[in-house]
Amino acid sequence: VADPADTPEVTVLKENKAAALRRMVDALPEEHRTVVDLAYYHGKSVSEIGEILSIPVATVKTRMFYARKKLGEALKAAGHDRGWP
């Protein structure tokens, strides 16, 4: 997310991390990638995702939990911290 207060260096760091994160999301198994994509890139709620995918809300939450866990591990392995610069 762009912030006018960011220095050019912080802007580049954010852009690089966002690109890396998108690659990591794309590498997730389809069931995890789909819920992350719908939630974070399309702004859908857990209940909306459940309706779209025809799965229970609890299943959406479980898939999100494991997707976030895998993304956190992938970020750490790639040398990124979990927060923004």
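The values are calculated or read from the model by the stated rules, or taken from the named source; none is laboratory data. Keep in mind the model is a prediction, meaning the values are calculated, not measured. FYI the Cβ positions are ideal-geometry reconstructions off the backbone, even for glycines, and counts take in every protein chain you see. Just the protein is used for accessible areas: all its heavy atoms, side chains included, with ligands, DNA and RNA removed. Shrake-Rupley method; radii C 1.70, N 1.55, O 1.52, S 1.80 Å.
Can you give me the number of residues within the range 18-28 that are assigned to a helix (DSSP H, G or I) and surrounded by 17 or more Cβ atoms within 10 Å (Cβ to Cβ)?
Residues of the range 18-28 that are assigned to a helix (DSSP H, G or I), as a first pass: 18-27.
Now narrow it down to the ones that are surrounded by 17 or more Cβ atoms within 10 Å (Cβ to Cβ): 21, 24-25.
Of the residues in that region, 3 qualify.
Which count do you get for residues in the range 29-38 that are more than 10 Å from the chain's Cα centre (by Cα), acidic (Asp, Glu) and surrounded by 13 or more Cβ atoms within 10 Å (Cβ to Cβ)? Residues that pass the stated criteria total 1.
Picking from residues in the range 62-85 that are of a type in the set (A, V, I, L, M) and either at pLDDT below 95 or in contact with a Gly (Cβ under 6 Å, 6 or more places away or on another chain) (or both), the one that is surrounded by the fewest Cβ atoms within 10 Å (Cβ to Cβ) is Ala77. There is no residue in the range 29-36 that is at pLDDT below 95, assigned to a helix (DSSP H, G or I) and closer than 27 Å to Asp3 by Cα.
Output the number of residues of the range 1-17 satisfying the condition of being of a type in the set (Val, Ile, Thr) and open to solvent by 80 Å² or more (accessible area, probe 1.4 Å). Working first, answer last.
At the first step, the residues of the range 1-17 found to be of a type in the set (Val, Ile, Thr) are 1, 7, 10-12.
Applying the additional criterion that residues be open to solvent by 80 Å² or more (accessible area, probe 1.4 Å) yields 1.
Count: 1.
Taken together, Thr11, Thr59 contain a single residue that is among the polar types (S, T, N, Q), at pLDDT below 90 and in a helix (DSSP H, G or I), which is Thr11.
Screening the range 39-61 for residues that are more than 10 Å from the chain's Cα centre (by Cα) and within 27 Å of Lys14 (Cβ to Cβ) and picking the one that is least open to solvent (accessible area, probe 1.4 Å) gives Ile49.
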